[in-house]
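Comments concern the structure below.
The values are calculated or read from the model by the stated rules, or taken from the named source; none is laboratory data. Computed from a predicted structure; not experimentally measured. Don't worry about glycine lacking a Cβ; one is built from the backbone with ideal geometry, like all the others, and counts go over all protein chains shown.
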Amino acid sequence: MGEQPALLRGPPSRPYGNRLPHKRHRLRPVGSAWTPAPGALMGRISRIPVGSRPALLAAVVMLALTSASAPAPWAGAHGLPGRGDGPHARQPQEHPRAAKNGPGPFGVTADVAANRQTVRVGALFGADRSDDLSGGHFCTASVVHSPHGDLIATAAHCVSDPDSDLVFVPGYRDGKAPYGVWKLGHRYLPDGWSKDEDEDSDLAFATVDDQGGKAIEDVVGANRFTPGTTTGATAVTVIGYPDSRERPISCTNKPTAHSSTQQRIDCPAFTHGTSGSPWINSEGQVVGVLGGYDEGGDTDDVSYSVTLGSLAAALYKDATSDP
């Protein structure tokens, strides 16, 4: 395929506070099926009763055939490996090397089915698209716990224009809003971004208005925003909405330090539209928000987040202190 025009993770025009595009849109198949490590099969066979030698031989042959013919991950839309949808969708295989650190395998981007975790993540739209959502989203955000249950986290460059009316759609999928369309209220941005668009300040919070007397956290739940949590030793899962797709993707890997103020993660196909995607560890804590360096990165395969330190903690305190 030929290279497509350069596009950005963030909003497509100044009404949503974005800078010039750097990201290119290159969705392609990534990753490969997991295969057992040497000795893994023998570890499983050793638990078979040894009272019958023919039974043991049959078990060995069956395991060998099963492993040799294991299918590659299902290829979802746009060639990305994924799980499909619905009650009979294929479930992810267990991957022993990732079992203690998050879902695996590491560094593979996949379609994700709706579940308790993914419905807390959603897409941002201009309010004028509330009645016609298909194809209109431009950034990602997620619900984070707050005393009033009304807070979302995203990248500052997604919500920096004070004159833009925006809505958040948790669990957005295929043009539908299964948990409602929520209007953004007050926005909280660091001074470093508001004054200078400092990439080390590319983080924001926003409140969303209640619906029918219920806060958004009462409807979809929330993850905990946890500044100061060390990343790198354990894996995180990034969930986001490329603006060329109508359902979320995710990838699990271990972040590394880009600088003292930025962290990075190797995850393919996180294109324009994924700014604001939460980085969630196995404890359900948000330890990163996609953005920061070059508004999230200058390639589709490496993404960034500001390090969630004292600035992030102060911003969260401001966002949760208002009555």
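Quick check on the stretch 199-211. Is at least one of its residues in contact with a Lys or Arg (Cβ under 8 Å, 6 or more places away or on another chain) and among the aromatic types (Phe, Trp, Tyr)?
Within the stretch 199-211, one or more residues are in contact with a Lys or Arg (Cβ under 8 Å, 6 or more places away or on another chain) and among the aromatic types (Phe, Trp, Tyr).
Please identify the pairs in which a residue from the stretch 222-234 that is touching a residue at least 60 places away in the same chain (Cβ under 8 Å) and farther than 18 Å from His258 by Cβ has its Cβ atom under 6 Å from the Cβ atom of a residue that is of a type outside the set (Ser, Thr, Tyr) and part of a loop (DSSP other than H, G, I, E, B), counting only partners at least 6 apart or on another chain.
Qualifying pairs under 6 Å: Ala222/His145; Asn223/Gly284; Arg224/His145.
If you take the residues of the stretch 146-169 that are under 17 Å from Pro242 (Cβ atoms) and among the β-branched types (Val, Ile, Thr), which of them is surrounded by the fewest Cβ atoms within 10 Å (Cβ to Cβ)?
That would be Val169.
To keep it simple, each residue is scored yes or no on (1) closer than 13 Å to Val287 by Cα; (2) of a type in the set (A, V, I, L, M, F, W, C).
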residue: Gly213; (1), (2): no, no
residue: Ile216; (1), (2): no, yes
residue: Thr234; (1), (2): yes, no
residue: Ser244; (1), (2): no, no
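For the stretch 165-201, give me each residue that is under 21 Å from the mean Cα position of the chain (by Cα) and assigned to a helix (DSSP H, G or I).
Those that are under 21 Å from the mean Cα position of the chain (by Cα) and assigned to a helix (DSSP H, G or I): Glu199, Asp200, Ser201.
Quick check on my filter: what residues within the stretch 261-287 are modelled with pLDDT of 95 or more and either among the hydroxyl-bearing types (Ser, Thr, Tyr) or within 12 Å of Thr154 (Cβ to Cβ) (or both)?
Thr274, Ser275, Gly276, Ser277, Pro278, Val286
From the list Tyr179, Tyr172, which residue is among the aromatic types (Phe, Trp, Tyr), surrounded by fewer than 22 Cβ atoms within 10 Å (Cβ to Cβ) and at pLDDT 95 or above?
Tyr179
Of the residues Ala206, Ala153, only one is touching a residue at least 60 places away in the same chain (Cβ under 8 Å) and under 14 Å from Ala127 (Cβ atoms); which?
Matching residue, one of Ala206, Ala153: Ala206.
If you check Thr271, Thr231, which single one turns out to be in contact with a strand residue (DSSP E or B) (Cβ under 8 Å, 6 or more places away or on another chain) and within 24 Å of Gly135 (Cβ to Cβ)?
Result of the check over Thr271, Thr231: Thr271.
What are the residues in the stretch 104-139 that are more than 15 Å from Gly175 (Cα to Cα) and polar (S, T, N, Q), if any?
Thr109, Asn115, Gln117, Thr118
Could you pull out the residue among His157, His148 that is assigned to a helix (DSSP H, G or I), closer than 24 Å to Ser321 by Cα and either touching a His at 6+ places or on another chain (Cβ under 6 Å) or not hydroxyl-bearing (Ser, Thr, Tyr) (or both)?
On inspection, the qualifying residue turns out to be His157.
Here is a check on your reading of the model: is Phe125 without any contact (Cβ under 8 Å) to a residue 60 or more places away in the chain and among the hydrophobic types (A, V, I, L, M, F, W, C)?
yes
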